[in-house]
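The values are calculated or read from the model by the stated rules, or taken from the named source; none is laboratory data. As the structure is a prediction and not an experimental result, all values here were calculated from the model. Cβ sites come from the backbone with ideal geometry, for glycine too, and all protein chains shown count toward neighbours. Just so you know, the surface numbers come from the protein's heavy atoms only, side chains and all, with ligands and any DNA or RNA stripped out. Shrake-Rupley method; radii C 1.70, N 1.55, O 1.52, S 1.80 Å.
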Amino acid sequence: MKKFNFKFSRTILVFIYIGIALAVIAFGVNTYFVFAQGVGGENKVYPIVRYVLMYFVSILLFVVLVSLKIASYYSVDEKYLKTSFGIIRSKYDIAKIEAVLIDRTNNKLSVYFEDKSFIVIAVNDEWYEEFTDALLKARPEIEFSIKSKENGADDDKKST
């Protein structure tokens, strides 16, 4: 099985790291308030619910963002193209893949299926050929094409 990591933009990576930091800070602040203020007082239900919810939200945010960073990839084996985006996973039957297109004009790699649906693969540009080779090795009948950048400036000039 060949594995290709998901390519996040810098902006998304910054948001992931900020979210992880905020989750850790929220967990720490909640722990501080539990020990500093306690859960005492006449009405004990409200503080307990508040602390439990704060722990739940901070742990959930941490787990989701860390899994998004660590477990976002595409993998190709003999039968399936598998996608994993954090905790969300799906798999596509390679036998149903009709075509693979590398579009150099907008730098995208697309996989087209028999039912006319498609997915855009977000991996490093250097891995495009390796990814398509893995798909073609699993099923050589897949149509492979490259749409290259065109010289639009030369085509637009008219001779007078």
TODO: Taking H placed 1.01 Å from N in the peptide plane, check which residues at least 5 places from I121 or on another chain put their amide H under 5 Å from its amide H.
DONE: L109, S110, V111
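Quick one: net charge around Q37, please, counting Lys, Arg +1 and Asp, Glu -1 for every other residue with C-beta under 13 Å from its C-beta.
Computed value for this residue: +2.
Relative contact order, percent, of the chain when contacts are C-alpha pairs under 8 Å separated by at least 6 residues?
22 percent
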Open item on the list: For the chain, what does the accessible surface come to per residue with a 1.4 Å probe? Please give it in Å².
Closed with: 69 Å²
TODO: With springs only between Cα atoms under 10 Å apart, run a GNM on the chain and tell me which of N43, N107, N124 wobbles the most.
DONE: N43
Task: Helix axis angle, 45-70 relative to the chain longest principal axis, alpha carbon, degrees - done: 20 degrees
TODO: Could you pull out the GluC sites (Glu not before Pro) across region 111-148 that fall in loop regions by DSSP (anything but H, G, I, E, B) with no more than 14 other Cβ atoms inside 10 Å?
DONE: E114, E141
Open item on the list: Leaving ligands and nucleic acids out of the surface, order Y92, Y74 by accessible area at 1.4 Å, largest first.
Closed with: Y92, Y74
Task: Extreme residue, positive dipole direction of region 49-113, given options Y51, S110, S90 (C-beta unit charges) - done: Y51
Open item on the list: Considering only protein heavy atoms and a probe of 1.4 Å, how much of the accessible area of the chain is carbon and sulfur, as a whole percent?
Closed with: 61 percent
Task: Amide H contacts of A71 (H built 1.01 Å from N, under 5 Å, at least 5 apart or other chain) - done: G86
Open item on the list: Suppose a student asked you for the relative contact order of region 57-112, using Cα pairs under 8 Å spaced at least 6 residues apart; what percent would you report?
Closed with: 21 percent
Open item on the list: Could you report the accessible area of K108 in Å², rounded to 10, computed with a 1.4 Å probe on the protein chains as they sit in the structure?
Closed with: 90 Å²
- [ ] Search the structure for amide H atoms under 5 Å from the amide H of F144, placed 1.01 Å from N in the peptide plane, and list their residues when 5 or more places away or on another chain.
- [x] V100
Open item on the list: Please compute, for the alpha-carbon atoms of the chain, the extent along each of the three principal axes and give them in descending order in Å.
Closed with: 86, 50, 26
Open item on the list: Quick check: the angle from helix 128-138's long axis to the longest principal axis of the chain, C-alpha only, nearest 10 degrees?
Closed with: 80 degrees
